[in-house]
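I have placed the structure first, in the form of structure tokens, so that the comments after it can refer back to it.
Values in this text are rule-based calculations from the coordinates and carry no lab data. Everything numeric in this text was worked out from a predicted model, so none of it was measured. Note that each Cβ is placed from the backbone with ideal geometry, even for glycine, and that neighbours are counted across all protein chains shown.
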Amino acid sequence: MRRKIVAANWKMNMTGETAHNFFSQLNQMTWPDDVDAIVAPPNLYLQGLHSIKGNAKLCGQNCHSEQSGAYTGEVSAAMLSDAGASYCLVGHSERRKYFLESSSFLKAKVTAILDNGLFPIYCCGETESERRNDTHFDVVKNQISNDLFGLSNSEFGKVIIAYEPVWAIGTGLTATSDQAQEMHYFIRSVVREKYGSDIADDVCLLYGGSCNTTNAKDLFSCKDVDGGLIGGASMDPQSFLQIAQSF
Ligand code: PEP
């Protein structure tokens, strides 16, 4: 049975105080029982939010693939776990673009995340020109197979995949529900080819890219969309809740 998930990616936004206020407000609201809330604050704030996060699960925004060592400025998956995270984002297009993260690095990160008992939220998606050139299916299939298909069945069973078309992230342009469903159906069939029907039917597929209170209902009504990874619209508790009420 797939879970319904609404995950917040705050990116490099919020302060310790605003993050704390977010959870204070969220804890006063009635969150739908059948929807999992996951919040990825800046890594720095994970530990301090642990006591106030309520039923939400915390998620790291990034980690290094090594367990420890001379990697100034980096944080390991073990440290995220120690700070109270249960999940970690990996493969976000902003990391691929601005930090030039390669497929071999992403693969190693996914392994480190799993080895430390966290669940990876693996992001993939095509750029605007890749969609224009009609290569979006190939791009997404290559990302997933290069970065994830070295995993065993039991490891892959712990992965959540977020389809995030790069042209929709932070742009106000959203995939139509037809575009989202078409790609999510495709991703599930790529997973089915490799891991079989049981795992493909169970893998949670989130849509990300300018998802908000106005379009979430439409997107979440798609058969193969199990929820959303939300950036800009996730920092206000009222709109985060409203998105979670959109299933
Ligand atoms: C994201 O960064 O993962 C994202 C989906 O951002 P936004 O919702 O702001 O497009």
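From the helices alone, meaning DSSP H stretches of at least four residues, give me the mean residue ellipticity at 222 nm for the chain, per-run term -39500 (n - 2.57), in deg cm²/dmol to the nearest 500.
Only helices count here, giving -11500 deg cm²/dmol.
Non-local amide H neighbours of residue 76 (under 5 Å, H modeled in plane, Pro and chain starts lacking H): which ones?
64
Residue separation times 0.36 nm, minus the C-alpha to C-alpha distance between residue 223 and residue 133: what's the value?
The span from residue 223 to residue 133 would gain 29.8 nm if fully extended.
Over the Cα atoms of the chain, each weighted equally, I'd like the Debye log10 I(q)/I(0) at q = 0.11 Å⁻¹, rounded to two decimals.
-0.52
For segment 187-240, would you read off the P(r) tail past 16 Å as a percentage of all alpha carbon pairs?
48
With the dipole of segment 1-84 worked out from charges on the C-beta (+1 for Lys and Arg, -1 for Asp and Glu) around the Cα centre, which of 6, 38, 54 lies farthest toward the positive end?
Going by the Cα projections, it comes out as 6.
So for the chain, taking the charge dipole from beta-carbon charges (+1 Lys/Arg, -1 Asp/Glu), which of 220, 80, 205 sits furthest toward the positive end?
With unit charges placed on the Cβ atoms, the residue in question is 80.
Once amide H atoms are built 1.01 Å from N in the peptide plane, which residues 5 or more positions from residue 4, or in another chain, come under 5 Å H to H?
36
Taking the Cβ of each residue in 155, 164 as the centre, tally the other Cβ atoms inside 10 Å and list the residues starting with the fewest.
Listing 155, 164 from fewest to most nearby Cβ atoms yields 155, 164.
Under 5 Å between amide hydrogens, which residues at least 5 positions from residue 215 or on another chain qualify, with H placed 1.01 Å from N in the peptide plane?
Sorted by chain and number, the residues that satisfy this come to none at all.
Most mobile of 191, 90, 39 per a Gaussian network model of the chain (Cα springs, under 10 Å)?
Maximum among the listed residues: 191.
Out of segment 36-89, which chymotrypsin sites (Phe, Trp or Tyr not before Pro) are coil in DSSP terms and have no more than 15 other C-beta atoms within 10 Å?
71
How large is ³J(HN,Hα), in whole Hz, for each residue of segment 190-203 in order, when computed from phi with the Karplus curve 6.51 cos²θ - 1.76 cosθ + 1.60 and θ = phi - 60°, using x for Gly and Pro?
5, 5, 4, 4, 8, 10, x, 5, 4, 5, 5, 5, 9, 5
What pairs from 4/217; 141/194; 57/97; 57/107; 4/141 go past 21 Å between their alpha carbons?
Check vs 21 Å cut-off fails for 57/97; 57/107; 4/141.
If a paramagnetic tag sat 7 Å from the Cα of residue 186 along the Cα-Cβ line, which residues of segment 200-225 would have the backbone N under 16 Å from that point?
Hits in segment 200-225 for residue 186 at 16 Å: 206-208, 224-225.
Based on Cβ point charges of +1 for Lys and Arg and -1 for Asp and Glu, what charge dipole magnitude is obtained for segment 4-239 about its Cα centre, in debye rounded to the nearest 20?
The calculated dipole for segment 4-239 is roughly 220 debye.
Can you compute the FRET efficiency between residue 178 and residue 1 using 1/(1 + (r/R0)^6), with r the Cβ-Cβ distance and R0 = 22 Å? Round to the nearest 0.05.
So, using R0 = 22 Å, E works out to roughly 0.30.
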